[in-house]
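**Student:** Provided herewith is a single structure, encoded as structure tokens, for subsequent inquiry.
The values are calculated or read from the model by the stated rules, or taken from the named source; none is laboratory data. Remember, predicted model here, so these are calculated numbers, not experimental data. Here the Cβ positions follow ideal geometry from the backbone for every residue, glycine too, while neighbour counts run over all protein chains shown. Only protein heavy atoms, including side chains, enter the accessible area calculation; ligands, DNA and RNA are left aside. Shrake-Rupley method; radii C 1.70, N 1.55, O 1.52, S 1.80 Å.
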Amino acid sequence: MKAIRASFFQMTMILRRDMMLFVCCLAPIPAGFFFRFAIPFLESLLTEGFHREAILSPYYKLMDILFAVLSPALFCFVSAMVSLEEADEKTAVYLFVTPLTKTGYLAARFGLPSAAAFFATCLLLPVFKLTALSPLILFLLAAGGALQGMIVALLVITISSNKLEGMAAAKLSMLTVFGAAIPFFLRSNLQYFLSPLPAFWIGKTVLQDSPLFMLPALVLSALWICVLLKGYLRKA
């Protein structure tokens with residue numbers, strides 16, 4: 001555990017030298033203010049301008065999901081960028097054979113950032129949410145978001161060879177998050193074609209206010225993470 005903690009703090013020292021990554025870690029706070037205040041203000045302008053009762057408000061639950069995934073996605077994106085830099089410099093392979101081991105390296109680079117993102121979401125989401133979510137749904141949403149962030153990070157490092165490719169891969173990897181939007185826009189059974197995406201079930205959980213839908217989200221997230229970890233370790 002000491003080696004894992006030391007490796008994690010070493011990563012935080014790297015962030016102090018890279019302002020872009022450092023700002024990514026702080027971005028959920030200003031984003032939270034935007035979600036909480038700018039979106040309702042925009043809704044009032046749109047409804048008044050188009051003389052309609054609601055335009056954005058039917059999708060406030062979807063916006064809560066996107067905000068819940070934001071912290072994990074950014075935290076894990078940062079750790080993915082650090083891992084790609086270490087892979088490029090060949091330091092990651094050497095860390096595998098230190099007392100840290102492969103398992104410790106993965107815990108320091110992805111496990112702890114995901115845990116930090118989970119706690120950040122638990123703190124920020126109740127403050128900036130747009131809808132009335134029960135404490136259980138909030139907890140499950142934070143957990144699902146943390147796992148989704150880990151999936152995004154593992155996709156980035158598995159399909160990328162350097163930080164430049166990682167930036168492009170991150171944009172593509174974030175498309176998996178938008179599976180949460182499918183239940184909001186597609187009400188027929190065709191929506192289940194995207195059911196292999198864990199985010200799809202997160203969307204169902206919040207839309208229908210049913211914690212049971214979180215079970216397939218957690219199981220699918222575990223499967224995605226296992227497959228991606230195998231791919232990453234094979235590549236490393």
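**Student:** Within the range 143-236, considering only helices (runs of 4 or more DSSP H) that don't extend past its boundaries, which have at least 2 residues that are touching a residue at least 60 places away in the same chain (Cβ under 8 Å) and in contact with a Pro (Cβ under 9 Å, 6 or more places away or on another chain)?
**Tutor:** 198-207, 214-235
**Student:** Still on this structure, I have one more. Filtering the range 97-135 down to residues that are among the β-branched types (Val, Ile, Thr) and either touching a strand residue (DSSP E or B) at 6+ places or on another chain (Cβ under 6 Å) or surrounded by fewer than 21 Cβ atoms within 10 Å (Cβ to Cβ) (or both), which residue is nearest to Gly203 (Cα to Cα)?
**Tutor:** Among residues in the range 97-135 that are among the β-branched types (Val, Ile, Thr) and either touching a strand residue (DSSP E or B) at 6+ places or on another chain (Cβ under 6 Å) or surrounded by fewer than 21 Cβ atoms within 10 Å (Cβ to Cβ) (or both), the one nearest to Gly203 (Cα to Cα) is Thr131.
**Student:** Let me ask something else about it. Please enumerate the residues belonging to the range 126-141 that are in contact (Cβ under 8 Å) with a residue 40 or more places away in the chain and hydrophobic (A, V, I, L, M, F, W, C).
**Tutor:** Across the range 126-141, the qualifying residues are Val127, Phe128, Leu130, Leu133, Leu136, Ile137, Leu140, Leu141.
**Student:** Something else now. Return the residue satisfying two criteria in turn: it lies in the range 180-236 and is small (Gly, Ala, Ser) and either surrounded by fewer than 21 Cβ atoms within 10 Å (Cβ to Cβ) or at pLDDT below 90 (or both), and of such residues it is nearest to Leu70 (Cα to Cα).
**Tutor:** Ala181
**Student:** Turning to a different aspect of this structure: If you go through the range 68-75 one residue at a time, do you hit one that is touching a helix residue (DSSP H, G or I) at 6+ places or on another chain (Cβ under 9 Å), among the aliphatic types (A, V, I, L, M), modelled with pLDDT of 85 or more and open to solvent by 40 Å² or more (accessible area, probe 1.4 Å)?
**Tutor:** Scanning the range 68-75 turns up at least one residue that is touching a helix residue (DSSP H, G or I) at 6+ places or on another chain (Cβ under 9 Å), among the aliphatic types (A, V, I, L, M), modelled with pLDDT of 85 or more and open to solvent by 40 Å² or more (accessible area, probe 1.4 Å).
**Student:** Pull up the range 136-168, narrow it to residues that are open to solvent by 10 Å² or more (accessible area, probe 1.4 Å) and not hydrophobic (A, V, I, L, M, F, W, C), then point me to the one that is nearest to Pro28 (Cα to Cα).
**Tutor:** Lys163
**Student:** Regarding the range 49-57, can at least one residue be identified that is open to solvent by less than 50 Å² (accessible area, probe 1.4 Å), within 15 Å of Leu130 (Cβ to Cβ) and under 22 Å from the mean Cα position of the chain (by Cα)?
**Tutor:** No.
**Student:** How many of the residues in the range 81-96 are β-branched (Val, Ile, Thr) and open to solvent by less than 40 Å² (accessible area, probe 1.4 Å)?
**Tutor:** 1
**Student:** Something else now. Do any helices (runs of 4 or more DSSP H) entirely within the range 27-121 hold 2 or more residues that are under 26 Å from Ala217 (Cα atoms) and among the polar types (S, T, N, Q), and if so, which?
**Tutor:** Where helices (runs of 4 or more DSSP H) fall fully within the range 27-121 and carry at least 2 residues being under 26 Å from Ala217 (Cα atoms) and among the polar types (S, T, N, Q), they are 60-88.
Listed here are the residues, each with its yes/no results for (1) over 30 Å from Tyr232 (Cα atoms); (2) in contact with a Leu (Cβ under 7 Å, 6 or more places away or on another chain).
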| site | (1), (2) |
| --- | --- |
| Phe41 | yes, no |
| Leu45 | yes, no |
| Glu48 | yes, no |
| Arg52 | yes, no |
| Tyr60 | yes, yes |
| Thr103 | no, no |
| Ala120 | no, no |
| Val127 | yes, no |
